[in-house]
Every structure is written in C-alpha cells, then in structure tokens.
Amino acid sequence: MGLLSQQYDDGNIVLTTAEGVLNWARLCSLYQMSFGLACCAIEMMAASASHNDIMRFGVIPRPSPRQSDVMIVAGTVTLKMASRLKRLYEQMAEPRYVVSMGSCSNCGGPYWEHGYHVLKGVDRVVPVDVYIPGCPPRPEALLEGWMRLQEKVRTFTTVRPKATDNAAA
Amino acid sequence: MALSTPSIFEHLTAAFPELTLAHDEAAPCIIVPAAGIKDVCLQLRDHPDTAFDFLMSLSGIDFADGTLGVVYHLASMTHKHKLTLKVVVPKDAPHVVSVEKVWRTADWHEREAFDLYGIVFDGHRDLRRILMPYDWEGHPLLKDYEVPEFYNGMKVPY
Amino acid sequence: MESLLTSILGTNLLTTVIYCALPLVFVLTYALIAVLGEVKISAWMQDRLGPMRTGPWGIIQPLADVLKLLQKEDITPSASDKFLFNLAPFVTFMGSYAAFAAVPFSSQYIGASLDLGIFYVFAVGSIGVVGLMMAGWSSNNKYSMYGAMRSVAQIVSYEVPAAMALMIIVIYTGTLNLQDIIVAQGGGIWNWFVFGGPKADVVLASGRELQASWANLVFLPLFLATFVMYYVSALAETNRTPFDIPEAESELVSGYHTEYSGMKFAMFFMAEYANMFLVSVVASIAFFGGWQSPYGTTIGALVGVPWLSPVEEFLWLAFKGFFFVFVMIWLRWTLPRLRVDQLMYMCWKVLIPFSFGIALVVGFLVMIM
Amino acid sequence: MADLKENIAEHIESGRLKTDELILHMGPQHPSTHGVLRLELVLDGEIVVKVIPHLGYLHRCFEKHAEAMTYPQVIPYTDRLDYLASMNNNHGYVLAVERMLGIELPERVEYIRVIMAELQRIASHLVAVGTYGLDIGAFTPFLYLFRDREYILDIFEKTCGARLLYNYFWVGGLSHDVHTGFEKEVGDFVKYFRPTLTEVNTLLNYNKIFVQRTANVGVLPADVAISYGCSGPMLRGSGVDFDLRRDDPYSIYDRFDWKVIVGDGEVGTLGDCWDRNMVRMKEMAVSCDIIEQALASFPEGDVTTALPKRIRPPKGAEQYARVENPRGELGFYVVSDGTANPFRVKCRAPGFVNLSVIDEISQGHLISDLVAILGSIDIVLGEIDR
C-alpha cells in the first residue's frame, strides 16, 4: 500500500491500535440511509421502532445519501429502480456499505422466474457486504446482519496482511 | 332499485341494438362493440334507473385466440347493483374508445391496459406507459410475450 | 481570569490563544453532550433505549460519531460552486462561535465585556445565515435551495421579535452590556427578570445605579410574556421543531446540508447545537440571572474560598443553558411541524405586534417609576 | 390562511405573479413518498402547480405470476401486494376463487377470517396514522403506534408463524386453526388498545399544530371522489356513506352490529386531510367492536373441512370479488380456463385508484401540504405497482 505500510509492514503496534480505534468509531456509528423499497422496508421500520430499536447500535437514519454509511436495500429491486439505486449508491461517501435485506434483493426471491421487471439480485448493480435471507427477514435477523457488518468493519485493515508478503516472496 | 344484468340489457337495447348478452348464469355480461363503448357507458352513467357512477375496475385480457378484450366492472352507489361489460378487439388492431371522460378513474386503468396489453384507447388524453419504464419494448401480459434478454445493460432472466 | 492567565504565562500570544480557545473547548464538549442528550432523551421519550453499545449506556457515542465523520470521504459535487460550497460550513460555525466572545460565563470570565454586548451577539449570530444561504445556493440542488431560502426567510424574520424581546430588558436596565444585565439580577431568584427584575437598588458593573423597589412586581407579567416570546423566536432562529421547516425531513430531505458529507456536515451539525446553546444562554442571561445563583450568593463566598465562586457561577450558567436546551429537545420530539405561511403569520402578526406593545408599556412604566 | 392561498391561486390564474416554473422530482428515494413513488412537481415558488406521478418502481409482475401459478400458489403473491394488509388481500383473492368454485365455508373459518381481517385493519391503520404523523413532523407518535402494532403481529405470529406475510387464508379455509389461547389474547389486546386511541387523539390528532397543518388542506369533494373511483377512508372522509362490508356484504359482516364511519368536517372542510385521518382513527374503534362481537359468539369446529383437493374452476368461469381493504376497495377479477392455473388475475388496487386523484387535490397548495395530502391518501407502493 502506501509508504507507511512499507515502513511498518508487520502491523506495528501503534498502527494497529490506531486502526482499531478508527474501525471502532466506524462500526459504532453506521448511519443508515432511510430508504425502503417494499415489504422488507416495513420490517426495517419495525427494527428501528421501540421494540427492536436498532439505534442501540448507534444507527441514525439519514435521509440524504451523502451523510449515510449503509444502504439497506430492503425489498424488490425492479429494473426501473435499479439505475436509481446505483446512482444513490454512487452518491454515498466512502467508506460505504450495502446490506441486502430479504430474498428479493438477494436473488429475486419469489419473483425470480416470471418477474420480467425484477432485478434478480441487487449484487448485479452494486457490491453487497451482507446478505440477510428471509421473506421478509425478521427485525432480529436485520440486527444479526448488522452485527455481521460491524464484524466486517472491525477486521478492515490498511496494513498489508502477512499472508500477501509470503505470497509475494 | 337494483337491477339484474338481463333487465339492464333490455333497458339498453332500445338505444343500442348492437349489444349482445352473454348468457352465463354465474357471470352474466354484456358484449359491447369497441366503437360504441363510450356512448353505452354514458347512457349507463347518466340514466337515473341505472346510475352507474362508479367504475370498479377496467381490465385488459388476452383471450389467446387472436383477440384482446377489455372488461369493465361497473357499480352504482345509489342502486347498489353491478354490471360487467366486455369489449373484444382483434389483436393486430386493438382500438377501443376511451371512457376516461365518463369516469376519471378510467384514466390510469386504461394506461395500465395499454402498458401491459398494448390496447390503444382512442380519445385518451395522455396514453403512455404507467408501470413499465417508458423505453420498455413490448407488452408483457400478452400470452405470447417473450422476456428480453437485457434491459439497459442489466440481465433480465435469472 | 485574564489576569490569572497572564500571571501564570505572562503576556504573550499563548495567553491570548488559550483565552480565546476556552469557549471553543467548552462549545465542542457541550455539542457532544447535547448530541448524546438528543438521542438519549428522544429514546426515553419513545420507549426505547438509544445508543447502548458504545461505552457504558452509549455515553461515548458522539465521540465515535465525530471520529467516523472525520474518516468519511469529503464529497464536493462536481456541479457545485466549489469555493462557496467549501466555505459555507465554516462561515456558519464561525457565526455561532464568535458570538460566544461576548457571553459572560462567570463574573470573572468573559471574552470581551462589550458595552454593546447584546447588539454584538445578534449581529455576529446572524452571520450564520449567510453560511446557510451559501450552502444552499452553491450545492446546486433544488432541495438545498429551498431549504436555504426557507431558513433565511425564517431566521431574518424571527430576528425581529427576538431582538425586540431583549430590547424590552434593555429599556429597563438602560444598558446593552450583558454583564450589566446579569449584575442587575443579583441577590436571589426573585430578582431575576422573569420574576419582574430587581426589587432593590443595584449598582451595575459599569457603575450606573439602577433604582428599584418591590413595586417592580408590576413588571412580572410583562417580562414573563417577553421571555416566552423570546424563547419561541429562539426556537425558530435555531430551526428547531416546531419551526424546523428549513430541514423538514419529510419535505426537503435534509434542507441546505443535503449535499454535505463527512466533516463539513458535522460542522453544520455543530453550528446548530452551538446556536441552540447560544440562544439558551442568552435566554438565561436576560431572564434567569445568567451566572447568578438562585440564592443570591455563592458557596465559595460563604466559606471564603475565592476561586470557587467563578467555578460555581459558571456551573450555574451551564446548568441554565442546558435546561433550555433540554426543553428544546423535549419540544422537538413532541410537536409536529408548522407550515411556512403559518410560521410567518406567527412572526409578523403575533409576536412582533405583541413585542412592540409590551415594549411600549414597559417604556411607559420605566418613565413614570 | 385559506384566503391567502385563494389569493395566491387567483394571482397565478390572472398571471400577475407568474414567474418561471421549477420542476422538482420528489422520489423515488424521498422520506415522505412511502416507498418508491416519484412525483414530478411543477412548482411556482413553493406552490404546487401540477403533480405528475410516475409509478412502476415496484412493478413486480403480480399478474404474470398469477397466470403461471396454480390457484393456491397465487395466495403468497397476494400477500406481497399490500404488505401492510396481507390478510385482507388473501381474503379478496380466496373469496373470488371460492365463489367460482361455489364452496360453502365452515362457520369457524368465517369468524377467524373476520377477526384476522379486522386485526389486520387495525395494524394497517396504525402504520397509516403513525407515518402520517411522521410526514407532519411528529416522530414520537409513530413509535408509540408501531409499539402497539407489535402486539397484533405477535398474535399473528403465534397463529401463522409469520410477522408480515402470512399466507393464512386458503381457498376453502385456513392453512391451520388458531393457536390455543387465541380468543383470550385478542380480547386482551382489544381491551388494552381502546385507551391508546384516546391517547393518540390527544397527542396527535387534536394537537393544534397538527390540526392547522391538515384541516382545510387537500379537500376532496364527494362527486370528484366517486368519479375518480376513490374508496375506503378516502371516500368516507369525503362524507360518502359507503363501506363494502355493509353495502356489498361478504363473509359474515352482516351479522354484527357496527356503524360505518364517515368524515364530518369536524375541524375544517368536509373531505380534507384531517377528515381522512380521523376516519382511520375511528375505524380502529369500529374494528374493535366487530372483533369483540365475533369473540362473543366464536364457534368451535374444524377449519379445513371445505378445503378442496383439486382447485380447478369450470372453464369460462369468472368472478370479480371485492373486499374492503384498509385502503379501500380491493378487487380481484379472476378468469378460469378450466386448468389448474388461472387464465387471468387482475387486481384492482385501492391505492392505485386513490393515488390518481393527487393532482386534482393538491394544485395550489404548498409543498408541505403536498406531503400532508400524500400521507393522507395512505399509499402502499406494493399494491399500486403490483
């Protein structure tokens, strides 16, 4: 990677600790883009309502894509919507994550065969970090998916891992 | 006073002799020629005995025998009776007179039938696609419709 | 305070910098606490828990938010006016921060004890509006534009009743100096302006003497109404519910800061909270005795520990400020939002005529008493 | 305020204040379009001159699927039409197929269906009123209402194992009987729920700001409503006394004693947003009445006796069945060609028809009012786009 990683290629303690803190900050305040598509959006709303309260994880719904970190694709993505979805994803600021919630956005769900206007999986237009199965997934499943996403953020590193060194040698 | 379909038919044939009554006990309906549907509807709406002021539904249908159809389900708020009208048109020239001026709700219903079946409603103020993207090709609910392979670079079939 | 710093560090640039930076440190800490307060209070009002995973009961959540926003990509839309777009958040934050220079945090600590204190606070506080307008216009986004237009119209309108309400206090005390206004309310809770102002003669900080007696009770209803008017205008000036029309989420996405990401968005956020605290502090200075304690003296003065008094006074001011911020948060999560025309009606047809009426009556009373 | 708006509208009419119009696209991703609706607004300053809705961002090809599936297989797809009122959707579809087959249902099935449909109506109205508050800017009532909705979902979940999309009403019966203790739980819920309605009224519906924002806004006259085919709370809010549960009776609604709620213009003009919202509030109480009466005479019995082995309606049979959805008249037009798959299923979605009136009632209002009007129509994009 950059100059720093060449100097401290084996994950120097200062760098990793700093990285840990920065990753911690990121995973603790993942702002969600309030953007629902279909049935799953209702369960997404239920997840942020009092009963499940996803805001315990530091989530704040932001209406503007510029200010949000996570896009929850909650529901069926149609061909008409796909281009809009892609544009919204492009408007988000890095680092950004996508959670695909529900069967429809994972793979087309019940509409996979005859859905002439349904995109068979949102990963055909934007990269997806976490897939949550279910039709629709329960709010608890969304919380679980959220924790998986947090784990993913936690293991993010800018330092080159040792394995690649060995592979390069 | 609620009227049955045959008595409404009696009522109508005085002014419109070209109508036919489809005899089916479970689902009686009146077959109307495509060009006369608007006049029939106006008569049905404005005559105090029928007073069909509510268009419940307007559906396109592909009979799979070279004809398309439009089915009108009417109801009356005052008399609480219902009526089904049908129009059958050939598939290669599907032209039906629009009833959008009779009931405003027919506006979107007709756009939908145009979108999904390609039935053209003559006299409609703004006949364009409603559900599918404006640049979509074909009318997907036709029985012989084939799904395109790609749309705007996105693969459509699974 | 300044003399204390000078005696420790000597007269040099460092002293000045530290002296100037103290309010900034305070405002930033306060903003973090207020953000946490907002999420936690709203959560309690709504049968929820709010942030729970970041530190015990989520108390370091705002810290994580700031650290995250620092790491976010800083987007400048290609179609925007880049210079203005980048300048806007700084102008907005500068406006609300600079106003703190004239705010007396205690009897010993005030950035600049201006004779035109109130005037200065209002004038500098209004610079923020320019920033909002710049943000909305330069974003090249229709929603931002609408948000900016609304917010400018709203803030400029509500400046009038807010200033008028404070003017009523100025008519009574005859000074624009904030320190003077606080000193006038010394000696106990009953001397606060919200309860009718001083009941005995006082000597102001500037040396002027203010004559008063228990007959001042006639001012109680007038000043109480003035306070309510000021607080309502303050809510509108800081774009808080029910006057949060410029950022009405259900109408304008996020208003003027729709296109901002990362730290610049955080600056707007911080400016909003700093503004909330500013108007709250001004409300407590003008009507609730500022740093005066409700029992008229300080524990430090009673037990004879001189350095304790300013600290206590500062805590009293902070407490009063936080209380009014709390009320703002409380209102936000309770009330629906007004419409633009209703907002303007409220300002021009209700608040302004009433404030002029009260000013007239107060002026008359001051003249004959 | 009303005369101010008239003044402004008059000015636009006469062209004296006419300036350049601004076109603003609201949606498909916008917090207040309740999903993926796109409204193209032609604006004169903040005043709406014209609204052009663009639909289809959630067109999931329901009608094509229905033609490719067997009759029972269509039921899960009807769930996903109006995902806030799945039970009512199932009801409409199975009613059409049952009428084609001429099936008589066991008593207990009808009772369970009515109870479930009314519970679902309450759940749906709770979301409608809650999100309406959200549109007006009140966030907290939304969460209170969602909390109460969870109790209904818990009952549904115990009965059919799903929280949102149930697939519970089958042709000729139900997928299975209710769980033990169902009557008690529903009874307890109704008892708990009634005071909540008063609470919501105090907190939201009679709040002065809320009234100012919604009264006299988006007035829909009765004749316009009928011509546009509006139904449900939209139509009743305009003062038309029409409810399919009473005027075109299905199931066993005619056995119960309840009254149709009609808007009365209590705080503003008849047919404004406040009326529509209030009709929903009052309908929840009516649903409670119906549920209580149904529970009082809840019969024992088997719920699966009428389930047909093969569902193949006779060739050429067709049926248009309509039920009162929380949003209005939900119609299913089903045509059979004698095979196991339906030849044509057309869904007449209430939201689709109700939404078409938006241009008519929002002209001359402000953007903020447009949000209020859209919220009062209570759209669910799943059924609008199908």
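When D:G130 is tested against (1) buried (at least 24 other Cβ atoms within 10 Å of the Cβ); (2) under 30 Å from D:R213 (Cα atoms); (3) touching a Phe, Trp or Tyr at 6+ places or on another chain (Cβ under 8 Å); (4) touching a residue at least 24 places away in the same chain (Cβ under 8 Å), exactly one condition is not met: (4). Pairing each residue of the stretch C:197-224 that is hydroxyl-bearing (S, T, Y) with any residue that is loosely packed, with under 12 Cβ neighbours inside 10 Å, provided the two are 6+ apart or on different chains, yields C-beta distances under 9 Å for C:S213/C:D201. Taking B:L12 as the residue in question, decide whether it is open to solvent by less than 20 Å² (accessible area, probe 1.4 Å) and either basic (K, R) or away from chain D (no Cβ under 14 Å) (or both). Taking the combined requirement at face value, the residue satisfies it.
Within the stretch D:63-83, restricting attention to residues that are at the interface with chain A (Cβ under 10 Å from one of its Cβ atoms) and among the hydroxyl-bearing types (S, T, Y), the residue that is nearest to D:V334 (Cα to Cα) is D:Y77. In the set (1) free of Cβ contacts under 8 Å to residues at least 12 places away in the same chain; (2) crowded, with 22+ Cβ neighbours inside 10 Å, the condition left unmet by A:W112 is number (2). For the list (1) away from every other protein chain (no Cβ under 12 Å); (2) in contact (Cβ under 8 Å) with a residue 60 or more places away in the chain; (3) of a type in the set (A, V, I, L, M); (4) buried (at least 24 other Cβ atoms within 10 Å of the Cβ), I need the number of the one condition that D:V114 fails. So the condition that D:V114 fails would be (4).
Restricting C:V121, C:V130 to residues that are away from chain A (no Cβ under 14 Å), β-branched (V, I, T) and buried (at least 24 other Cβ atoms within 10 Å of the Cβ) narrows the list to C:V121. Of all the listed residues (B:V70, B:V96, B:V89), the sole one being under 18 Å from B:C29 (Cβ atoms), surrounded by 23 or more Cβ atoms within 10 Å (Cβ to Cβ), in contact (Cβ under 8 Å) with a residue 40 or more places away in the chain and away from chain D (no Cβ under 13 Å) is B:V96.
Note on the stretch A:66-85: among residues that are more than 7 Å from every other protein chain (Cβ to nearest Cβ) and in a strand (DSSP E or B), the one that is nearest to A:L37 (Cα to Cα) is A:A74.
Take the conditions (1) surrounded by fewer than 22 Cβ atoms within 10 Å (Cβ to Cβ); (2) closer than 30 Å to C:Y143 by Cβ; C:L224 misses just one of them, which is (2). A count restricted to the stretch C:30-47 and to residues that are open to solvent by less than 20 Å² (accessible area, probe 1.4 Å) and not in a helix (DSSP H, G or I) stands at 1. Summed over the stretch C:171-193, the residues that are buried (at least 20 other Cβ atoms within 10 Å of the Cβ) and assigned to a helix (DSSP H, G or I) give a count of 11.
In summary, helices (runs of 4 or more DSSP H) completely within the stretch D:169-256 and bearing 3 or more residues that are open to solvent by less than 10 Å² (accessible area, probe 1.4 Å) occur at D:182-200, D:208-214, D:233-236. Taking the stretch C:278-304 as the range and being farther than 19 Å from C:V194 by Cβ and open to solvent by 10 Å² or more (accessible area, probe 1.4 Å) as the test, the residues that pass are C:T297, C:T298, C:I299, C:A301, C:L302, C:V303, C:G304. Quick check on C:S233: is it under 20 Å from C:I118 (Cβ atoms), open to solvent by less than 10 Å² (accessible area, probe 1.4 Å) and of a type in the set (G, A, S)? Spelling it out, C:S233 is indeed under 20 Å from C:I118 (Cβ atoms), open to solvent by less than 10 Å² (accessible area, probe 1.4 Å) and of a type in the set (G, A, S).
Counting only helices (runs of 4 or more DSSP H) that fall entirely inside the stretch C:242-316 and contain at least 1 residues that are within 14 Å of another protein chain (Cβ to nearest Cβ), the qualifying elements are C:249-252, C:262-287.
Of the candidates D:Y83, D:Y93, the single residue that is out of contact with any Pro (no Cβ under 7 Å at 6 or more places or on another chain), at pLDDT 90 or above and not polar (S, T, N, Q) is D:Y93. When the criteria are applied in full, D:V49 meets the requirement of being out of contact with any Ser or Thr (no Cβ under 7 Å at 6 or more places or on another chain), surrounded by fewer than 20 Cβ atoms within 10 Å (Cβ to Cβ) and among the β-branched types (V, I, T).
For C:S309, the requirement of being buried (at least 18 other Cβ atoms within 10 Å of the Cβ) and under 21 Å from the mean Cα position of the chain (by Cα) is not met.
The values are calculated or read from the model by the stated rules, or taken from the named source; none is laboratory data. None of the values given here were measured: they were computed from a predicted structure. We place every Cβ from the backbone using ideal geometry, glycine too, and count neighbours over all the protein chains shown. Only protein heavy atoms, including side chains, enter the accessible area calculation; ligands, DNA and RNA are left aside. Shrake-Rupley method; radii C 1.70, N 1.55, O 1.52, S 1.80 Å.
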